[in-house]
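Asker: Below is a structure I'd like to ask you about.
The values are calculated or read from the model by the stated rules, or taken from the named source; none is laboratory data. All figures in this text were calculated on a predicted structure; none of them were measured in a lab. All Cβ positions, even for glycine, are placed from backbone atoms using ideal geometry, and neighbour counts span all protein chains on display.
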């Protein structure tokens, strides 16, 4: 199912969630139900998400702001 979120969301395309720990886990980055990127690895998905916050001048969600600032 699609997540209803105005924030960058990484969605794994493989049905097995354990693939997220593998080197290559195909994923899609979406914002507001719009597909922005298709990535071949979870690391690329995370980098794409941070770039999306910067490029589109999005504010971090209030409940994740400190964690995302630390990771940034």
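Asker: Hey, can you tell me all the residues within segment 18-72 that are surrounded by fewer than 11 Cβ atoms within 10 Å (Cβ to Cβ) and over 15 Å from residue 6 (Cα atoms)? Talk me through it step by step, then tell me what you get.
Answerer: Within segment 18-72, the first condition is being surrounded by fewer than 11 Cβ atoms within 10 Å (Cβ to Cβ), and the residues that meet it are 18, 21, 23, 34-35, 54-57, 59, 62-63, 66, 69-72.
Within segment 18-72, 18, 21, 23, 66, 69, 70, 71, 72 meet the criteria.
Asker: Related question: Among the residues of segment 13-27, which ones are modelled with pLDDT under 75, within 19 Å of residue 37 (Cα to Cα) and either outside any helix (DSSP H, G or I) or touching a helix residue (DSSP H, G or I) at 6+ places or on another chain (Cβ under 8 Å) (or both)?
Answerer: 20, 23
Asker: Here is a follow-up. Limited to segment 28-41, what total is found for residues that are in a loop (DSSP other than H, G, I, E, B) and under 23 Å from residue 63 (Cβ atoms)?
Answerer: Start the filter on segment 28-41 by keeping residues that are in a loop (DSSP other than H, G, I, E, B), which leaves 32-33, 40-41.
Right, trim to under 23 Å from residue 63 (Cβ atoms) and you get 32-33.
Residues flagged as in a loop (DSSP other than H, G, I, E, B) and under 23 Å from residue 63 (Cβ atoms) within segment 28-41 amount to 2.
Asker: Is it the case that some residue within segment 14-29 is in contact (Cβ under 8 Å) with a residue 24 or more places away in the chain and under 12 Å from the mean Cα position of the chain (by Cα)?
Answerer: no
Asker: Still on this structure: Please verify whether segment 42-51 includes one or more residues that are assigned to a loop (DSSP other than H, G, I, E, B) and touching a helix residue (DSSP H, G or I) at 6+ places or on another chain (Cβ under 9 Å).
Answerer: Initially, segment 42-51 is screened for residues assigned to a loop (DSSP other than H, G, I, E, B), giving none.
No, segment 42-51 contains no residue that is assigned to a loop (DSSP other than H, G, I, E, B) and touching a helix residue (DSSP H, G or I) at 6+ places or on another chain (Cβ under 9 Å).
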